[in-house]
Ligand SMILES: *Cc1c(COP(=O)(O)O)cnc(C)c1O
């Protein structure tokens, strides 16, 4: 069978290989500590599940508008205004099958052959692949130990072909958060060079220090006009399997994304959208409880890492990951993760999947016992290398 050329241009998810192996080992009864999770380990809060069940019982089981339930689009617009100071109406919002699908729709609506998209590394692994699927060219910019792109780096990577800059704060895989000053300086470059920025803010609510989440689009009219927000319910509300996310941006772009969605997936699962409405309109106490649990785990994982002088990391202010520099061990991230899993039964994701071959991603979206045990083993493995 001759497959479309575009398939050959993208890489199947590298992270899946390690995860599959860890799963197989677990199935064999091996005691694996997994730091590989890309999702919260909590159940979806009860009131959100109840709202979806009620919607099911009330017959919210039909096709809906491709761009999303009007009430949800309104609730999202309200959230973006109240939380982020972004002046959007319902018509500026499209509800998508997860944040990932929103980004995919965005690339399909915006990027064509020859267009360049600037992606700072370390990056979330789907960004470059989505750009490639749309026919565009990802321009990867390697950042320094801070894991943040500087305004000078951004300016230097912009060419007449640059269409879009991808910003992700708090970041997966690094957990780093851009300060308002850093965002302001990046926004100035975006405006000066008249490009667009997509701001992936899916980890907005998961912050652990005194940093504040600021949306780059809120920093003035000129940057607002050039910003697209990508967001979703998966991480803050522990709703990864529900597949509800959204994009916010100019009406023209949202309409284009809705047309694409209308010919591909149509609306997001109707009753899942009613769960999302409840998530936004009910108390946010559930988010705070999960955040506090993550905060404790983060503290423990950082303390354990700080006791291993051979490794370093950029301080993670948000999300639920620590991106650890393992260059001193002399191992590639792939070899390191393979040995760690096979010989010490700890699953971590090789940094090469995120464009950084001398780091590994540790996720603390797991229980405290596994964190303690897994860190004991990681410590032992690293000591064995010196
Ligand atoms: C998890 C994640 C998403 C989207 O997740 P969905 O489950 O598709 O909503 C988007 N961006 C980043 C950086 C993520 O980690």
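FYI, it's all coordinate maths here, none of it is from the lab. Quick caveat: nothing in here was measured; it's all calculated off a predicted structure. Heads up, the Cβs are rebuilt from the backbone with ideal geometry, glycines too, and the neighbour counts pull from every protein chain shown.
Numbers at a glance
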| read-out | value |
| --- | --- |
| Calculated log₁₀ intensity ratio I(q)/I(0) where the Debye formula runs over C-alpha points of segment 14-61, q = 0.22, 0.29 Å⁻¹ | -0.77, -1.08 |
| Value of relative contact order over the chain, rounded to a whole percent, pairs C-alpha under 8 Å and six or more apart | 25 |
| Cα principal axis extents for segment 62-281, largest first, Å | 49, 42, 31 |
| For segment 62-281: relative contact order, % (alpha-carbon pairs under 8 angstrom, 6 or more apart) | 29 |
| Cα centroid separation, segment 323-363 to segment 16-38 (Å) | 15 |
| Percent of beta bridges antiparallel (DSSP, the chain, rounded to nearest 5) | 45 |
| Per-peptide average of other Cβ atoms within 10 Å, ordering 324-330, 224-230, 111-117, 283-289 highest first | 224-230, 324-330, 111-117, 283-289 |
| Cα-only radius of gyration and Dmax that characterise segment 53-122, units Å | 15.8, 49 |
| Length released on extending from residue 179 to residue 146, taking residue separation times 0.36 nm less the Cα-Cα span | 10.7 nm |
| Length added when fully stretched, residue 263-residue 113, from 0.36 nm per residue minus Cα-Cα | 51.9 nm |
| Projected area averaged over orientations for the chain, convex hull of C-alpha atoms, nm² | 19.8 |
| Within the chain, helix-based [θ] at 222 nm, where runs of 4 or more DSSP H residues each add -39,500 (n - 2.57), nearest 500 | -13500 deg cm²/dmol |
| Interatomic Cα distance distribution for segment 1-142, bins of 5 angstrom, percent | 2, 7, 10, 13, 14, 15, 15, 13, 8, 2, 0 |
| Euclidean distance between Cα centres, segment 79-129 to segment 210-229, Å | 14 |
| Rounded to 10°, Cα long-axis angle of helix 333-344 versus longest principal axis of the chain | 60 |
| Spherically averaged projected area of segment 325-386 from its Cα convex hull (nm²) | 3.9 |
| Cβ-Cβ FRET estimate between residue 372 and residue 240, R0 fixed at 25 Å, reported to 0.05 | 0.50 |
| Average silhouette area of segment 274-386, convex hull of alpha-carbon atoms, in square nanometres | 8.2 |
| Fraction in percent of alpha-carbon pairs per bin - 5 Å, segment 160-295 | 2, 9, 16, 20, 19, 16, 11, 6, 1, 0 |
| Residue 302-residue 250 FRET efficiency (beta carbon distance; Förster radius 30 Å; 0.05 resolution) | 0.15 |
